[in-house]
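The values are calculated or read from the model by the stated rules, or taken from the named source; none is laboratory data. Remember, predicted model here, so these are calculated numbers, not experimental data. We place every Cβ from the backbone using ideal geometry, glycine too, and count neighbours over all the protein chains shown.
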Amino acid sequence: MVLFLIPSLYFKLILNDRAHSLLINRFFLIVEFILLSEFFACYLRLKAKHLFRVVSCILFIIFSFIDYYNAKTSVEFSFIPLVVECLFFVLVIVYFFYEKLQYSVSTPILHTAEFWISVAFLLFFSGNFFLFLFSKSSLNDPGFREQYVVIYGSVTIIKDVLLSVAIVIRAYLNEGENRLGKNIDIDLGSFYPLNKNTNPKPQ
Amino acid sequence: MIFLQAATGASSGSNYIMLLGTLGMVSLTLGIVFFVIFHQRKVTRFNMELKKMEEDKQQILLNASIKFQEEERNRIAADLHDDVGPLLATARLYLNENIVNQEPAAQLQSIYSAKQIIDDAIQLIRNISHSMMPPTLKNFGLESAMSDLFQKINGSGSLNASVRFHDYRTRIKLEQELHIFRIIQELVNNIMKHSNAGFIHLTQNANATHSYFRLHHDGQGIIQTEFDRLNHTSAGLGLKNIASRVKVLNGRILFEIDPSHTYYKVTIEVPKESVY
């Protein structure tokens with residue numbers, strides 16, 4: 001994040017170079033998209049999930065650069081790739097929940113880190129979807145900017161809190177696994193496996 | 001409140017749409033999340049109930065099996081104690097110490113009587129042994145054992161019993177044969193005791209993977225729902241024993257009535273290669 005933030009601020013605030021700042025923003029967005037796609041691909045059961053992930057990443061990269069070439073000369077910041085990203089991940093996460101409903105698992109869903117991570121991103125993306133959708137037309141409106149700060153800040157805080165919950169749950173589960181995985185030093189005596197079939201054969 | 005304040009400050013109508021849209025999306029998201037949580041809880045609860053029911057059923061079957069074994073042991077113990085024990089004791093009386101002081105003719109008579117009694121005891125022990133493992137089954141297979149059983153029933157004159165094995169060229173494992181024999185024996189016993197049937201007919205068929213044994217009778221029988229119901233109650237020990245034997249065989253049993261309601265059918269399906 002720092003790797004993207006420092007050059008972006010440098011280009012935007014010091015050099016006042018909008019095009020390069022936008023380019024770095026696009027790179028950040030693409031990396032975010034790829035990482036999240038990779039994360040959800042790990043947890044989805046869809047057979048063609050890897051193909052779907054690769055195709056969606058390639059399409060998103062192409063779309064982001066097309067948008068960049070269209071927007072770099074424009075005065076306003078383009079939010080369209082952000083909207084597309086929001087919509088894409090909202091759909092992916094809803095599908096993830098659909099799969100969770102289909103496959104009943106013994107572990108309660110609240111006890112899994114991936115559930116809390118998914119809820120965090122679902123709230124983040126669904127909360128920001130309309131914000132990004134209306135940003136291009138209304139960003140110069142001071143009332144909208146106020147709303148933007150409040151909504152974006154709120155959903156980001158909620159997302160971070162939920163991600164923290166996921167980390168805590170993950171740590172708790174790891175601790176439980178370690179506790180269970182400890183060697184039990186009990187002498188079980190000599191063990192002889194049973195013969196496969198000791199029954200007399202039919203005549 | 002803070003959203004509304006922000007919205008009040010905004011002059012444009014699109015800000016309201018954006019605000020409402022955001023609230024709608026967040027509400028929808030929360031709705032989906034809560035639905036997933038509650039649905040999973042419901043499914044988990046349902047699975048747990050199903051598991052408990054299965055465990056209860058296993059417990060009933062296990063209890064029935066233990067009870068059946070105990071009854072069998074009691075029967076054998078009673079046979080040995082009441083029949084064989086007195087016979088051997090009588091034989092011992094004939095062969096007591098005084099036999100040497102007796103006349104040769106009386107000695108011979110005592111020895112002959114003791115021999116008769118020992119023969120009876122041997123016959124009794126043989127009968128007990130045969131009821132535990134029929135020698136025909138062990139030596140000649142299921143087809144012969146079933147024919148033997150049905151011949152005995154036929155010989156009693158109370159019931160017309162017949163057997164027809166269509167495809168039993170190779171014998172299956174002895175343990176499987178014994179289970180099938182016991183199942184059919186129990187079914188036949190039930191038919192004779194409760195159904196007031198005029199005939200019983202056993203047929204055997206097979207395909208590449210399974211063997212099928214079907215009993216027909218014209219008495220008062222039961223259908224599958226009744227069999228399942230009896231299996232879940234504490235009554236019907238013999239039926240539970242049948243169910244546990246079928247389970248051991250990895251097979252299935254089906255109780256049916258003919259559409260014309262003239263006879264009942266019991267079909268046992270057993271895989272040819274049962275996994276032990």
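General remarks:
- Test: residue in the stretch B:97-118 that is outside the structural domain of residue B:252 (by TED's automatic domain parsing) and within 30 Å of residue B:199 (Cα to Cα): no
- Pairs with Cβ under 7 Å, 6+ apart, first in the stretch B:201-218 and not assigned by TED's automatic domain parsing to the domain that holds residue B:183, second among the β-branched types (Val, Ile, Thr): none
- Number of residues in the stretch B:159-189 that are more than 14 Å from chain A (Cβ to nearest Cβ) and among the aromatic types (Phe, Trp, Tyr) equals 1.
- Residue B:87 vs. criteria outside the structural domain of residue B:235 (by TED's automatic domain parsing), touching a residue at least 12 places away in the same chain (Cβ under 8 Å), in a helix (DSSP H, G or I) and touching an Asp or Glu at 6+ places or on another chain (Cβ under 8 Å): yes
- Total residues in the stretch B:31-55 satisfying the condition of being under 24 Å from the mean Cα position of the chain (by Cα) and either surrounded by 15 or more Cβ atoms within 10 Å (Cβ to Cβ) or touching a residue at least 24 places away in the same chain (Cβ under 8 Å) (or both): the figure is 0.
- One residue stands out among those in the stretch B:149-165 that are without any contact (Cβ under 8 Å) to a residue 24 or more places away in the chain and part of a helix (DSSP H, G or I): the one that is surrounded by the most Cβ atoms within 10 Å (Cβ to Cβ), which is B:154.
- Scanning the stretch B:85-106 for residues that are of a type in the set (S, T, N, Q) and at pLDDT 85 or above yields a single hit, B:90.
- Members of the stretch A:43-74 that are touching an Asp or Glu at 6+ places or on another chain (Cβ under 8 Å) and without any contact (Cβ under 8 Å) to a residue 60 or more places away in the chain: A:44, A:45, A:46, A:53, A:60
- Screening the stretch B:173-219 for residues that are under 16 Å from residue B:162 (Cβ atoms), in contact with a Ser or Thr (Cβ under 9 Å, 6 or more places away or on another chain) and aliphatic (A, V, I, L, M) and picking the one that is surrounded by the fewest Cβ atoms within 10 Å (Cβ to Cβ) gives B:192.
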